[in-house]
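The structure appears right after this line, and notes come after that.
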Amino acid sequence: MCWIPAYAGKNSKIIETKFVDIILPLSIPYLYTYRVPKEIDHEIMVGQRVVVQFGRGNKLYSGLVKNVHTTPPAEYQAKYIDSILDEQPIVNELQLKHWDWMADYYISNLGDVYNAALPGALKLASETKIVLNAEYIGNAVEELNDKEYLIYEALEVRNILDLSEISEILSIKNVHKIVKSLIEKRVVIVEEELKRKFKPKIVQYVRLTEFANIEKNLEKIFEELSRAPKQLELLMKFIQLNERYQKPKPVNKIALQKAADTTSSVINQLVKKEILEVYDVVETRFNEYENELNDKKKLNPEQQTALEEIKTQFSEKDVVLLHGVTGSGKTEIYIHLIQEVLKHGKQVLYLLPEIALTTQLITRLQKVFGDVIGVYHSKFNENERVEVWNQVNNFEHTASSKFQIIIGARSSMFLPFSKLGLIIVDEEHENSFKQYDPAPRYNARDASIFLAHIHGAKVLLGSATPSIESFWNAQQNKYGLVELNKRHGGVMMPEIWCADVKEATRKKLMKSHFSPLLMEQMKEAFENKEQVILFQNRRGYAPFMLCEECGHVPECKNCDVSLTYHKFTNELRCHYCGNHKKMPACCPACGSTRITLKGFGTEQIEEELALYFPKVKVARMDADTTKTKNAYHHLITDFEDGNIDLLVGTQMVTKGLDFDNVALVGILNADTMLNFPDFRAFERAYQMMSQVSGRAGRKKKRGKVIIQTYDPYHRIIRQVIEHDYEAMYKNELIERKQFNYPPFYRLIHFTLKHKDRDVLNAGAADFAYHLQQKFGNRILGPEFPVIARIKNYYHKNIMLKVERTASISKCRELITEIKNNFESFGDYKAVKITIDVDPM
């Protein structure tokens with residue numbers, strides 16, 4: 001315990017000095033301990049952000065308080081924290097428990113989890129620049145104290161100051177409170193905030209002054225304004241919009257200007273005359289749902305039985321897997337479960353693998369739940385994400401609680417829930433739930449199960465094609481299992497046909513990349529005014545360019561991969577590092593003009609379909625066409641409304657989208673999925689083909705699916721045609737047990753990177769040797785991956801297979817020890833190591 005005497009004498013009062021352990025937004029193994037200044041020690045709380053100095057240059061960071069205690073650090077002299085940024089915690093204790101588990105399980109640091117969890121606008125650093133607010137009214141300087149006025153004067157001369165310069169001007173170390181006060185008074189703004197820090201949405205409203213609001217005074221004002229017709233007209237328009245003599249309504253300043261067809265100068269004149277006053281209101285960035293709410297739909301007998309089984313299973317188990325075929329009405333079951341959870345005042349997290357799915361689902365759920373739904377994903381800007389964060393953090397159950405239901409992609413799992421009652425993981429098999437870079441490389445499905453455990457909540461995993469691991473857990477009685485084997489409304493499962501591309505090519509019947517069967521069925525669908533989806537899991541126009549004279553294929557200068565041709569921009573582009581160059585007119589190696597494009601992507605399919613079906617409206621959904629926030633929404637809405645007849649897409653179109661009028665789905669190249677060098681290739685191929693097939697014939701009649709392949713008798717293709725998930729599962733389980741793969745073993749994947757191939761080879765061999773000393777024959781590698789160099793770094797992979805019964809904490813301990821020893825060796829300090837637990 002650390003203490004200081006407040007004053008000398010026999011009645012000396014002993015005051016404890018508080019210390020705090022801080023999570024810094026850096027990938028460092030330990031927490032750093034700071035001392036709390038006496039004047040703010042009563043304000044400090046776990047979960048608040050504080051400004052602290054760290055490192056040689058005393059750079060400032062916004063860290064997070066993890067623990068408050070009275071024990072000073074033994075290894076170093078504790079620095080003081082500079083200031084507290086939050087009045088109340090922005091992260092709660094339940095979140096911190098979850099962060100601890102993630103750091104431990106995924107072998108990462110708490111700083112990594114902190115960076116992944118918090119929106120960027122809640123993280124600050126000392127590069128912050130302070131500038132004068134252009135909207136600040138200069139004659140209000142009397143509001144400023146002496147120190148604030150000094151900064152104000154300095155900014156008038158120098159225009160821009162950083163925190164260290166302000167510290168020099170004032171001759172004090174801790175300037176954050178003074179700067180914060182100036183920001184609150186709107187004297188200054190933070191330059192970085194203009195780009196990425198959180199600013200509440202402030203809307204200006206207009207009202208009558210206290211004087212003008214008195215009836216007899218208002219009559220005099222009208223008489224006086226008779227000589228100022230524009231001002232009089234604006235005042236009349238204000239009273240009309242305000243409905244002053246009925247139930248007064250707030251009047252938006254911009255709306256008043258438009259209604260009166262005038263400018264802000266006229267309003268300002270009335271403000272000067274003390275007739276009107278302008279005031280600020282902080283408003284939400286999210287539109288209110290104004291339509292009437294619908295009652296939830298009545299479930300059919302199969303759905304009702306499934307719902308009752310889920311409730312029964314929840315009484316015994318915390319996790320239940322709902323295995324329901326595509327189009328079986330799983331979402332309606334979710335809606336009924338959500339409604340029951342809301343009645344108990346709890347929050348619901350609805351996880352989706354793809355942002356595209358939120359567009360359709362939010363519309364569907366808002367019709368039932370209205371404004372209690374919030375959406376959270378990476379396409380939102382920083383201000384919108386912080387607003388959702390704050391709403392969830394301040395959640396209190398009332399009839400109109402905002403954001404009681406959160407729909408989002410994997411990052412929504414980090415929101416500060418306090419009363420979580422249910423987590424729904426829809427399409428739980430999707431690898432989009434896996435975070436690849438940066439650390440922590442977590443799987444949101446698995447991490448959400450532990451999150452629910454902390455909250456005492458339930459988890460419902462839903463899928464038509466569950467992951468092998470989840471289905472195995474259900475078979476082992478670890479999870480509950482509920483099955484839904486019939487499509488809603490009695491619609492039959494789609495009829496799946498195989499188009500033999502090898503035979504059609506031999507007979508010269510192929511039209512570009514389309515088999516005769518696919519062309520015939522597309523033509524029939526368009527004649528019947530029905531829609532078509534074509535799936536090709538490769539974006540761009542063509543995977544590579546080839547010189548027919550010398551065989552040269554242009555490759556990326558930074559990566560060991562060929563450049564993909566994008567016709568829209570007429571560029572060859574690398575999909576790994578973004579490097580691009582213009583399409584050459586001749587071969588860069590031999591100068592020949594005999595260059596051709598090989599393979600095909602979504603862009604080429606879109607172009608060729610327009611030639612074969614000139615009257616059909618074709619659109620494309622891939623990473624190139626959905627870069628903007630609302631791009632998904634526009635594409636999906638246009639397809640739903642019938643403005644698009646044919647949708648070409650990558651795996652985005654496979655994930656749970658629900659369209660009424662899709663009669664035909666075409667899978668253009670099944671073989672690339674089946675022949676991918678990965679132990680999960682068959683499982684993923686089955687899932688992807690089954691899921692995209694499920695988009696056909698969901699509402700009206702039986703749909704059709706055509707799979708184009710060179711091997712129509714492949715085991716997986718036959719199982720897709722027969723809708724036989726269990727046969728695929730059993731076959732996969734036999735192979736995985738034989739070769740020690742999940743679900744029987746846990747995988748930990750190491751990737752070592754260095755710009756020098758020889759240094760990497762030596763380092764990887766040494767690292768693998770030390771792993772083998774601890775783990776024996778559980779180690780595979782090191783080996784170069786399929787693409788050995790990315791962004792000028794050579795890669796080598798090592799895999800560790802660990803029994804399910806082994807302690808992950810003990811594994812972490814051994815791995816961390818080996819990694820630290822390796823990185824401390826001079827020759828390998830520049831070798832980067834990434835660790836991926838449960839790789840996908």
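Arrange the peptides 402-409, 214-221 so that the one whose residues have, on average, the most other Cβ atoms within 10 Å appears first. Don't jump to the answer; show the numbers that get you there.
Working: 402-409: 23.2, 214-221: 12.2.
Sorting 402-409, 214-221 by mean packing, highest first, produces 402-409, 214-221.
Can you spot the lysines whose alpha carbon is less than 20 Å from Lys737's alpha carbon? Ignore those fewer than 8 places along the same chain.
Partners within reach: Lys478, Lys801.
If packing is taken as the average count of other Cβ atoms within 10 Å, what order do 638-644, 43-49, 330-336, 586-592 fall into, highest mean first?
330-336, 43-49, 638-644, 586-592
Based on the Cβ-Cβ distance of Ala727 and Thr70, what FRET efficiency does E = 1/(1 + (r/R0)^6) give at R0 = 60 Å, to the nearest 0.05? Each step should come with its number before you reach the end.
Numbers: r = 63 Å, r/R0 = 1.05.
Efficiency, from the Cβ-Cβ distance: 0.45.
Express in nm, to one decimal, how much length is gained between His453 and Asp758 on full extension, taking 0.36 nm for each residue of separation and deducting their alpha carbon distance.
Separation in residues times 0.36 nm, less the Cα-Cα distance, equals 105.1 nm.
Order Arg746, Arg702, Arg56 by their accessible area, 1.4 angstrom probe, all chains in place, largest first.
My answer, sorted largest first, is Arg56, Arg702, Arg746.
May I have the convex hull volume per residue, in Å³, for the Cα set of the stretch 692-832?
Hull volume normalised by residue count: 186 Å³.
In whole percent, how big is the carbon plus sulfur part of the accessible area of the chain, probe 1.4 Å, protein atoms only? Before the final figure, lay out each step's value.
On the way: 19870 of 40250 Å².
That share works out to 49 percent.
Residue by residue through the stretch 491-497, which ³J(HN,Hα) values in whole Hz follow from phi under the Karplus form 6.51 cos²θ - 1.76 cosθ + 1.60 (θ = phi - 60°), with glycine and proline marked x?
Computed from phi, the couplings for the stretch 491-497 are 5, 6, 4, x, 7, 10, 10 Hz.
What whole-number volume per residue, in cubic angstrom, does the convex hull of the C-alpha atoms of the stretch 642-738 give?
Hull volume over Cα atoms, normalised by residue count, gives 106 Å³.
Heavy-atom accessible area per residue, the chain, 1.4 Å probe: how many Å²? Before the final figure, lay out each step's value.
Numbers: 40250 Å² over 840 residues.
Value returned for the chain: 48 Å² of accessible area per residue.
If DNA, RNA and ligands are ignored and the probe is 1.4 Å, what is the ranking of Trp389, Trp472 by accessible area, most exposed first?
From most accessible down to least: Trp472, Trp389.
Can you pull the accessible area of Tyr632 for me, 1.4 Å probe, Å² to the nearest 10?
So the heavy atoms of Tyr632 present about 10 Å² to solvent.
Using modelled backbone amide H atoms (1.01 Å from N, in-plane), which distant-in-sequence or interchain residues come within less than 5 Å of Arg620's amide H?
Here Val648 satisfy the definition.
When you take every Cα atom in the chain, what is the radius of gyration, and what is Dmax, the widest Cα pair distance, in Å?
Here Rg and the maximum Cα pair distance are 31.4, 107 Å.
Express in % the proportion of alpha carbon pairs of the stretch 536-667 at distances exceeding 25 Å.
34
So how exposed is Ile595, as accessible area in Å² (1.4 Å probe, rounded to 10)?
40
Rounded to the nearest 10 Å², what accessible area does Glu520 show when all protein chains are kept and the probe is 1.4 Å?
In the full protein context, Glu520 sits at about 110 Å².
Listed here are the pairs Lys123/Lys434; Lys66/Lys123; Lys59/Lys147; Lys185/Lys273; which of them are more than 18 Å apart at the Cα?
Lys123/Lys434; Lys59/Lys147; Lys185/Lys273
Report ³J(HN,Hα) in whole Hz for each residue of the stretch 576-583, in order, from the Karplus equation J = 6.51 cos²θ - 1.76 cosθ + 1.60 where θ = phi - 60°; Gly and Pro get x.
Couplings: 9, 10, x, 4, 8, 8, 5, 5 Hz.
Treating cross-link reach as a plain straight distance, find the lysines whose alpha-carbon is under 16 Å from the alpha-carbon of Lys819, omitting any fewer than eight places away in the same chain.
Within the straight-line limit of under 16 Å, Lys819 reaches these lysines: Lys753, Lys774, Lys796, Lys810, Lys829, Lys832.
Nearest 500 deg cm²/dmol is fine: what mean residue ellipticity at 222 nm does the chain get from its DSSP H runs of n ≥ 4 alone, each adding -39,500 (n - 2.57), divided by its residue count?
Details: 25 runs with 280 residues, N = 840.
That comes out to -10000 deg cm²/dmol.
For the stretch 606-622, in order, what is each residue's ³J(HN,Hα) by Karplus, 6.51 cos²θ - 1.76 cosθ + 1.60 with θ = phi - 60°, in whole Hz (x at glycine and Pro)?
Values per residue, Gly and Pro as x: 4, 5, 6, 5, 5, 7, 6, 10, x, 8, 8, 8, 10, 9, 10, 10, 8 Hz.
For the stretch 415-564, just say rounded, prolate or oblate: build the C-alpha gyration tensor, square-root its eigenvalues into a ≥ b ≥ c, call rounded for a/c under 1.5, and beyond that prolate if a/b exceeds b/c, oblate if not.
Details: a/c = 2.90, a/b = 1.46, b/c = 1.98.
Cα axes put the stretch 415-564 in the oblate bin.
Around Lys129, which amide H atoms from residues at least 5 apart in sequence, or from another chain, sit under 5 Å from its own amide H, with H modelled in the peptide plane?
Glu191, Glu192
The values are calculated or read from the model by the stated rules, or taken from the named source; none is laboratory data. Keep in mind it's a predicted model, so treat the numbers as computed, not measured. Note: ideal-geometry Cβ built from the backbone for every residue, glycine included; neighbour counts use all protein chains shown. With ligands, DNA and RNA removed, areas are computed over all heavy atoms of the protein, side chains included. Shrake-Rupley method; radii C 1.70, N 1.55, O 1.52, S 1.80 Å.
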